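Read through the structure below, which is laid out as structure tokens, and then see the notes.
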There are 2 protein chains.
Amino acid sequence: MVTLAEVAQHAGVSASTVSYVLSGKRSISATTRQRVEQSIRELGYHPNAGARALASSRSNIIALMIPLRTDMYVPVMMEIAIAVATTARTHGYDILLLTGEEGPDAVRRVTGSGLADAMILMDVELDDERLPLLRRSGQPSVLIGLPADTTGLTCVDLDWGATGALCLEHLAGLGHRDIAVIGEAPAVYERHTGFAERTLDGLRTRAKDLGLRVLHRPCEGGYDAMAVTLARIFDERPATTGFVVQNESAVEPLLALLRQQGRAVPEDVSVVAICPDQVAVQASVRLTSVAVPAQEMGRNAVERLVAKLDGRGTDDVVLIAPELTVRASTGPAPTPAV
Amino acid sequence: MVTLAEVAQHAGVSASTVSYVLSGKRSISATTRQRVEQSIRELGYHPNAGARALASSRSNIIALMIPLRTDMYVPVMMEIAIAVATTARTHGYDILLLTGEEGPDAVRRVTGSGLADAMILMDVELDDERLPLLRRSGQPSVLIGLPADTTGLTCVDLDWGATGALCLEHLAGLGHRDIAVIGEAPAVYERHTGFAERTLDGLRTRAKDLGLRVLHRPCEGGYDAMAVTLARIFDERPATTGFVVQNESAVEPLLALLRQQGRAVPEDVSVVAICPDQVAVQASVRLTSVAVPAQEMGRNAVERLVAKLDGRGTDDVVLIAPELTVRASTGPAPTPAV
DNA sequence: GTACTGTGTCGAAGCGCTTCGACGCCGTAT
DNA sequence: ATACGGCGTCGAAGCGCTTCGACACAGTAC
């Protein structure tokens, strides 16, 4: 293993000079710099991460807490995680992967040990138990998702309320009056996951404004669950002509079941999905959808965290405006047979 | 920030004693141990990771290289990653997340800097460019996936060859003679991804033994690609009655298209999938499938890596035997109308 | 009683790096 | 010519921990 001292000796300078060449924190003459860089290359030197962390109390690592559950919005999670990792690298940071398993303890451990310089939390609940700890620790952090109380926190998220509203506006504009909302699994609502509740709020509020009737039903993914849910919906609201779906694994079952029941999309029934674009275009009907900007959220989180670590940036909340793309799953409401 | 020295002072012992209490590397009297542990709790002490890494040249971090591509087998990747992370924690290790982006450089960086004690590589290609570097570095590592040359490497993977064979045996046992294999996207084969090629080998070899006719077609996910692929298959082999699908995002399109063409599953056509169980049971037809044991692979990789780091364990290849679960998508081949 | 073995604890020497203050040198202002 | 301010470099002091050898003491064996 090659050390700084060896590089220094090889280049005929002192260790501190090599360090300054590496960090750029003091000016170094061009000739010296070149000589040092040459030695570094020749010897194949890599600074030792531990020593660096100890001396500078900076690990250049960002901890990313992902939810343990693999049963929902997996592609979104993965996309965020990858965006976070690649963006972090461009700023010289590595990502430490923490699963939700440890819960709040993970925050304590990471904060206490100086393992990471900062944290990104995903899958934030409205009243998340990790937050008090995070606030107290003073650990720089960014949340992907919005808790109920954001004071002193930095957050980024899609504007789910606006997303819900946007879906309804689109359907209302096409003349639909009775809308069914197919949501995430019941467990998601029970945990008071921010995005799910906020979407619902947005939907309901705008429904009131526009005079629409909205029926919300959580739904596990898969065909069997969807079949039951759909039957109940048409039972309760036979006049339903518009659907909003916020559950990737319910999209395809819904389309299949509608088809099977002889309800054509979009002639008889319109469907708006809230999902990544890839899911929307790969579905059996190209779906009108509001995209979940997973990459943008991941990138934004890292960039604002890095800004914080550099002493720039402030605590605040960034809500990404939703964008609805019209595809082939929505159309004018059918005129009711008189 | 609380340091070891402060704990030592508080407990009235020397720093080294505290260290030995923590590591258990020397025997400590029960009373001293308790006193120290008490002090640790009272002061809220957390060992500093950097200092520890520097002094012991062990970071207690395992690097996990995941593929950058988010367009294929995402749920499997995620499941593996989570299994790796949780298993690692039970052994006191954290996971550093590396994306494929950096490629071989990441290996060099991690190895050189002592950032991680070991690596786990996913998405290994048959002739992976990271391997020479890995071998040379002497970095303890485990591959999830099987390269062409495994000398000096530790690997874990599903036995894809046996998986392919198993699928064919099942279909052959039901009387099917003409089998179509719907594979991953063409890019996957172009990259010479191990699992895809090995599955194909297994399929073809056993097909020969059993006298079956096999037609293999790579396929992008989604409905449009699947429609084209399926049309070509029936065009070329109208007598096809059995399908093997190794592409999560092609499963549902295939089922939908078959249905649409009036081919009943499993009465007219049988389908065997190679996918996680969850996908198999959530599909519109409960699929006969060979499960991809994502969790087991992740867990196994970590456990063998930890064994290596502890000086136990050897370089070798573990192939997990495939298991086929019969569900509702396969049945006897239809007797051809005479 | 002495010699010896173990057990439990301590002190000190690093691990490889960053960073602060000091210092020599040269160019410019006086 | 003298004084002065930068610039470029060096030396040394840690960062908080692990670990090795030393040592004191008690217990056992003769």
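Please verify whether segment B:86-105 includes one or more residues that are in contact (Cβ under 8 Å) with a residue 40 or more places away in the chain and touching a Leu at 6+ places or on another chain (Cβ under 8 Å). Lay out the reasoning, then the answer.
First, pick out the residues of segment B:86-105 that are in contact (Cβ under 8 Å) with a residue 40 or more places away in the chain: B:87-88, B:91, B:93.
If we keep only those that are touching a Leu at 6+ places or on another chain (Cβ under 8 Å) as well, we get none.
No, the conditions are met nowhere in segment B:86-105.
Take B:Val272 and tell me if it is assigned by TED's automatic domain parsing to the domain that holds B:Ala172 and modelled with pLDDT under 95.
Working: assigned by TED's automatic domain parsing to the domain that holds B:Ala172: yes; modelled with pLDDT under 95: no.
Considered against the rule, which asks whether it is assigned by TED's automatic domain parsing to the domain that holds B:Ala172 and modelled with pLDDT under 95, B:Val272 comes out as no.
Please pick out the residue among A:Ile40, A:Ile62 that is more than 9 Å from chain B (Cβ to nearest Cβ), more than 11 Å from DNA strand D (Cβ to nearest atom), within 29 Å of A:Val279 (Cβ to Cβ) and touching a helix residue (DSSP H, G or I) at 6+ places or on another chain (Cβ under 6 Å). Don't jump to the end; show me each part of the working.
Values: A:Ile40 fails: within 29 Å of A:Val279 (Cβ to Cβ).
After ruling out the rest, the residue left standing is A:Ile62.
Taking segment B:89-105 as the search range and keeping residues that are within 9 Å of another protein chain (Cβ to nearest Cβ) and either part of a strand (DSSP E or B) or among the small types (Gly, Ala, Ser) (or both), which one is surrounded by the most Cβ atoms within 10 Å (Cβ to Cβ)? Write out each step before concluding.
Step one: list which residues in segment B:89-105 are within 9 Å of another protein chain (Cβ to nearest Cβ), which gives B:89, B:94-99, B:101-102.
Remaining after also requiring either part of a strand (DSSP E or B) or among the small types (Gly, Ala, Ser) (or both): B:94-99.
Numbers: B:Asp94: 24, B:Ile95: 26, B:Leu96: 22, B:Leu97: 24, B:Leu98: 28, B:Thr99: 23.
Among those that are within 9 Å of another protein chain (Cβ to nearest Cβ) and either part of a strand (DSSP E or B) or among the small types (Gly, Ala, Ser) (or both), it is B:Leu98.
Pick out the one residue from B:Ala148, B:Ala185 that is surrounded by fewer than 18 Cβ atoms within 10 Å (Cβ to Cβ), small (Gly, Ala, Ser) and under 20 Å from the mean Cα position of the chain (by Cα). If you could, list the steps in order and put the result at the bottom.
Numbers: B:Ala185 fails: surrounded by fewer than 18 Cβ atoms within 10 Å (Cβ to Cβ).
Answer to the check: B:Ala148.
Report the residue count in segment A:70-81 for those that are at the interface with another protein chain (Cβ under 8 Å from one of its Cβ atoms) and either among the β-branched types (Val, Ile, Thr) or in contact (Cβ under 8 Å) with a residue 24 or more places away in the chain (or both).
7
Out of all the residues in segment A:33-52, which are without any contact (Cβ under 8 Å) to a residue 24 or more places away in the chain, near DNA strand C (Cβ under 7 Å from one of its atoms) and open to solvent by less than 60 Å² (accessible area, probe 1.4 Å)? Show your work before the answer.
First, pick out the residues of segment A:33-52 that are without any contact (Cβ under 8 Å) to a residue 24 or more places away in the chain: A:33-34, A:37, A:41, A:49-52.
When the remaining residues are screened for being near DNA strand C (Cβ under 7 Å from one of its atoms), the result is A:51-52.
Residue satisfying the conditions is A:Ala51 alone.
When you scan segment A:321-332, do you find a residue that is more than 27 Å from the chain's Cα centre (by Cα) and surrounded by fewer than 17 Cβ atoms within 10 Å (Cβ to Cβ), even just one? Write out each step before concluding.
Within segment A:321-332, the subset more than 27 Å from the chain's Cα centre (by Cα) is A:331-332.
Adding the requirement that they be surrounded by fewer than 17 Cβ atoms within 10 Å (Cβ to Cβ) leaves A:332.
Looking for residues that are more than 27 Å from the chain's Cα centre (by Cα) and surrounded by fewer than 17 Cβ atoms within 10 Å (Cβ to Cβ), one finds at least one in segment A:321-332, hence yes.
Tell me which residues, restricted to segment B:10-32, are surrounded by 15 or more Cβ atoms within 10 Å (Cβ to Cβ) and either among the aliphatic types (A, V, I, L, M) or more than 7 Å from DNA strand C (Cβ to nearest atom) (or both). Steps first, please.
First, the residues of segment B:10-32 that are surrounded by 15 or more Cβ atoms within 10 Å (Cβ to Cβ): B:10-11, B:13, B:17-22, B:28, B:32.
Residues satisfying the conditions are B:His10, B:Ala11, B:Val13, B:Val18, B:Ser19, B:Val21, B:Leu22, B:Ile28.
Just a yes or no: is a residue in segment A:118-131 of a type outside the set (Phe, Trp, Tyr), surrounded by 21 or more Cβ atoms within 10 Å (Cβ to Cβ) and part of a helix (DSSP H, G or I)?
Yes, segment A:118-131 contains a residue that is of a type outside the set (Phe, Trp, Tyr), surrounded by 21 or more Cβ atoms within 10 Å (Cβ to Cβ) and part of a helix (DSSP H, G or I).
Given (1) over 30 Å from B:Val281 (Cα atoms); (2) among the charged types (D, E, K, R); (3) open to solvent by less than 50 Å² (accessible area, probe 1.4 Å), where does A:Glu169 come up short, assuming only one miss?
The number of the failed condition is (3).
Can you tell me which condition A:Asp157 does not meet? The list is (1) among the charged types (D, E, K, R); (2) open to solvent by 20 Å² or more (accessible area, probe 1.4 Å); (3) away from DNA strand D (no atom under 16 Å from the Cβ), and all the others hold.
Of (1) among the charged types (D, E, K, R); (2) open to solvent by 20 Å² or more (accessible area, probe 1.4 Å); (3) away from DNA strand D (no atom under 16 Å from the Cβ), only one is false for A:Asp157: (2).
Given the criteria buried (at least 17 other Cβ atoms within 10 Å of the Cβ) and within 12 Å of chain B (Cβ to nearest Cβ), does A:Pro67 qualify?
Values: buried (at least 17 other Cβ atoms within 10 Å of the Cβ): yes; within 12 Å of chain B (Cβ to nearest Cβ): yes.
The answer is yes for A:Pro67.
Just one of B:Val84, B:Val110 is out of contact with any helix residue (DSSP H, G or I) (no Cβ under 8 Å at 6 or more places or on another chain), outside any loop (DSSP other than H, G, I, E, B) and either facing chain A (nearest Cβ under 10 Å) or surrounded by fewer than 17 Cβ atoms within 10 Å (Cβ to Cβ) (or both); which is it? Lay out the reasoning, then the answer.
Numbers: B:Val84 fails: out of contact with any helix residue (DSSP H, G or I) (no Cβ under 8 Å at 6 or more places or on another chain).
Just a single option satisfies the conditions, and that option is B:Val110.
Can you list residue pairs whose Cβ atoms sit under 9 Å apart, with the first residue in segment A:297-324 being assigned to a helix (DSSP H, G or I) and the second being of a type in the set (Phe, Trp, Tyr)? Count only pairs 6 or more apart in sequence or on different chains.
A:Val302/A:Tyr93; A:Leu305/A:Tyr93; A:Val306/A:Tyr93; A:Leu309/A:Tyr93
Quick one: which residue in A:Arg89, A:Arg26 is among the charged types (D, E, K, R) and in contact with a helix residue (DSSP H, G or I) (Cβ under 6 Å, 6 or more places away or on another chain)?
Working: A:Arg89 fails: in contact with a helix residue (DSSP H, G or I) (Cβ under 6 Å, 6 or more places away or on another chain).
Exactly one of A:Arg89, A:Arg26 is among the charged types (D, E, K, R) and in contact with a helix residue (DSSP H, G or I) (Cβ under 6 Å, 6 or more places away or on another chain), namely A:Arg26.
Rundown of residues vs (1) within 14 Å of another protein chain (Cβ to nearest Cβ); (2) in contact with a Phe, Trp or Tyr (Cβ under 7 Å, 6 or more places away or on another chain); (3) closer than 26 Å to B:Gln260 by Cβ, yes/no style:
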position	(1), (2), (3)
A:Thr288	no, no, yes
A:Gln295	yes, no, no
A:Gly298	yes, no, no
A:Ala301	no, no, no
A:Leu305	no, no, no
A:Gly311	no, no, no
A:Val318	no, no, no
A:Ala328	yes, no, yes
A:Pro334	no, no, yes
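Go through segment A:209-259 and report how many residues are of a type outside the set (Gly, Ala, Ser) and either part of a helix (DSSP H, G or I) or open to solvent by 60 Å² or more (accessible area, probe 1.4 Å) (or both).
Just the residues of segment A:209-259 that are of a type outside the set (Gly, Ala, Ser), to begin with: A:209-210, A:212-220, A:223-224, A:226, A:228-230, A:232-238, A:240-241, A:243-248, A:251-255, A:257-259.
Subsequent filtering for residues that are either part of a helix (DSSP H, G or I) or open to solvent by 60 Å² or more (accessible area, probe 1.4 Å) (or both) retains A:209-210, A:213, A:217, A:220, A:223-224, A:226, A:228-230, A:232-236, A:238, A:248, A:251-255, A:257-259.
Total meeting the criteria: 26.
If you scan segment A:116-130, which residues turn out to be at pLDDT 95 or above and within 26 Å of A:Gly161 (Cβ to Cβ)?
Of the residues in segment A:116-130, the ones at pLDDT 95 or above are A:116-121.
Within segment A:116-130, A:Met119, A:Ile120, A:Leu121 meet the criteria.
The values are calculated or read from the model by the stated rules, or taken from the named source; none is laboratory data. Remember, it's a predicted structure, so these values are computed and weren't measured experimentally. Positions of Cβ are backbone-derived with ideal geometry, glycine not excepted, and every protein chain shown enters the neighbour counts. Please note that ligands, DNA and RNA were not included when accessible areas were found on the heavy atoms of the full protein model with its side chains. Shrake-Rupley method; radii C 1.70, N 1.55, O 1.52, S 1.80 Å.
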